[in-house]
Amino acid sequence: MSGQYDFKKEWEKTRDQLAKFSREAAKVAKKGEKELVKFSRRSKLHIDATAISLKKEHLYYLIGKEYTKEGMPAEPTPKLSKLINDLKKADRDQQALDRKLKQKEK
């Protein structure tokens, strides 16, 4: 029975390798978690930018509809003024989001 395998020596080596592997896996997981958070924040900004673009498009439609409904008035009606102000606010919001997106890309 001289061919017996010494499990104690091999277990020490295996345990050290497993400990090293678990430390490396934890580092990779933390790095992946940080990247996932960055990606989700950027994605949220892109979704918000898309939503504002759709809102602006809808406001353009409503402004045009109101303008033709009123027979192309020289002075804007109160409803038309409100829609135009909403459009200006949406423009400002979109510009702010664009700045945030450019800042995140750097």
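The values are calculated or read from the model by the stated rules, or taken from the named source; none is laboratory data. What you see is a predicted model, and the numbers here were worked out from it, not measured in a lab. Cβ coordinates were reconstructed from backbone atoms using ideal geometry, including for glycine residues, and neighbour counts include every protein chain displayed.
Observations on the structure shown:
- Close pairs (7 angstrom Cβ cut-off, 6 or more residues apart or separate chains): touching a residue at least 12 places away in the same chain (Cβ under 8 Å) and charged (D, E, K, R) in region 72-89, assigned to a helix (DSSP H, G or I) and surrounded by 13 or more Cβ atoms within 10 Å (Cβ to Cβ) anywhere: 79/66; 86/59
- Here residue 81 meets each of (1) over 24 Å from the mean Cα position of the chain (by Cα); (2) at pLDDT below 90 with one exception, condition (2).
- Hey, residue 41 in a helix (DSSP H, G or I), modelled with pLDDT of 90 or more and among the charged types (D, E, K, R) or not: no
- Matching residues, region 71-86, being surrounded by 13 or more Cβ atoms within 10 Å (Cβ to Cβ) and of a type in the set (S, T, N, Q): 77
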